[in-house]
1. Report the residue count in the stretch 161-184 for those that are among the charged types (D, E, K, R), outside any helix (DSSP H, G or I) and within 16 Å of the ligand (Cβ to nearest atom).
2. Name every residue in the stretch 78-91 that is away from the ligand (no atom under 16 Å from the Cβ) and either modelled with pLDDT of 80 or more or charged (D, E, K, R) (or both), in order of residue number.
3. How many residues are among the aliphatic types (A, V, I, L, M) and either within 16 Å of the ligand (Cβ to nearest atom) or at pLDDT 80 or above (or both) when one looks only at the stretch 53-76?
4. What's the total number of residues in the stretch 139-159 that are outside any helix (DSSP H, G or I) and within 16 Å of the ligand (Cβ to nearest atom)?
5. Being over 19 Å from GLY185 (Cβ atoms) and crowded, with 19+ Cβ neighbours inside 10 Å is the filter; apply it to the stretch 92-119 and report the residue that is farthest from the ligand (Cβ to nearest atom).
6. Looking at the stretch 31-53, I want the residues that are in contact (Cβ under 8 Å) with a residue 24 or more places away in the chain and have a partner that is surrounded by 15 or more Cβ atoms within 10 Å (Cβ to Cβ) with Cβ atoms under 6 Å, at least 6 apart or on another chain. Which pairs are those?
7. Given (1) over 22 Å from LEU164 (Cα atoms); (2) outside the structural domain of ASN175 (by TED's automatic domain parsing); (3) modelled with pLDDT under 80, where does LEU31 come up short, assuming only one miss?
8. Considering only the stretch 134-150, state which residues are in contact (Cβ under 8 Å) with a residue 40 or more places away in the chain and either closer than 24 Å to ARG76 by Cβ or buried (at least 20 other Cβ atoms within 10 Å of the Cβ) (or both).
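The values are calculated or read from the model by the stated rules, or taken from the named source; none is laboratory data. Note that the structure is a prediction, hence the values are computed from the model and not measured. Cβ atoms come from the backbone with ideal geometry, glycine included; neighbour counts cover every protein chain shown.
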Amino acid sequence: MSTNVVESWQINPDAAAEDLEAKQPFIDNGLDVLDPSRYYSPEFMTREWEKLWTRTWLIAGIESDIREPGDYSVFRLGRESMIIVRDIELYSLCEHHILPFFGKAHVAYIPNGKILGLSKIPRIVDMFAQRLQIQERLTDNVADALMEIVSPHGVGVVVEARHLCMMMRGVEKQNSTAVTSSLRGTFKHDAKTRDEFLRLAHGSLVPSA
Ligand code: ZN
């Protein structure tokens, strides 16, 4: 038993006993909270989670949930070729295991008279990533939001992410990446558009033969 704990008992035995009772679930799960270096780990964990939930990015996405078309600066433009923003970094939390998943999103659309400022696309990704999510829904949310905001001919979204809930549970899964896609409009119905998108999303600028 560590000296620190013995000392805290000596100062206030009741508080220390109560303290240890609160730590019991951690002790039961093998965390040696009597080691001075870990004695406050449960408190640190609780405090960090509280910050995540109440003050920082976890709810930031929900607070910035502005999906009214008027909330975005939309410009008129007669262009009807594909616009793609690739490699948008994303960090989210798996709603099942409450563990992070992180990766990249590639987002494209073919305008139909209206375009969105390019910087707004990563903002839409953040908005849906910064909450409890599953990758499949996140991918759909981004595609649907873009459809709603600029009413384009079509939208394509690919998300590639690594999930700590997969990675931490087995060596063989450490390098696996989950890939999800959502295709709307021409991206769904036109093979040529879809191919162009997937080629650009995966980094090849050379047209396939
Ligand atoms: Zn998970």
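1. Adding up the residues that qualify gives 2.
2. ARG79, GLU80, SER81, MET82, ILE83, ILE84, VAL85, ARG86, ASP87, ILE88, GLU89
3. 2
4. 1
5. If we take residues in the stretch 92-119 being over 19 Å from GLY185 (Cβ atoms) and crowded, with 19+ Cβ neighbours inside 10 Å, then GLY103 is farthest from the ligand (Cβ to nearest atom).
6. Close Cβ pairs (under 6 Å, with a partner that is surrounded by 15 or more Cβ atoms within 10 Å (Cβ to Cβ)) amount to LEU34/SER2; LEU34/VAL5; PRO36/SER2; TYR39/VAL33.
7. Result: LEU31 passes all but (1).
8. Once the filter is applied, which keeps residues that are in contact (Cβ under 8 Å) with a residue 40 or more places away in the chain and either closer than 24 Å to ARG76 by Cβ or buried (at least 20 other Cβ atoms within 10 Å of the Cβ) (or both), the stretch 134-150 yields GLN135, LEU138, THR139, VAL142, ALA143, ASP144, ALA145, GLU148, ILE149, VAL150.
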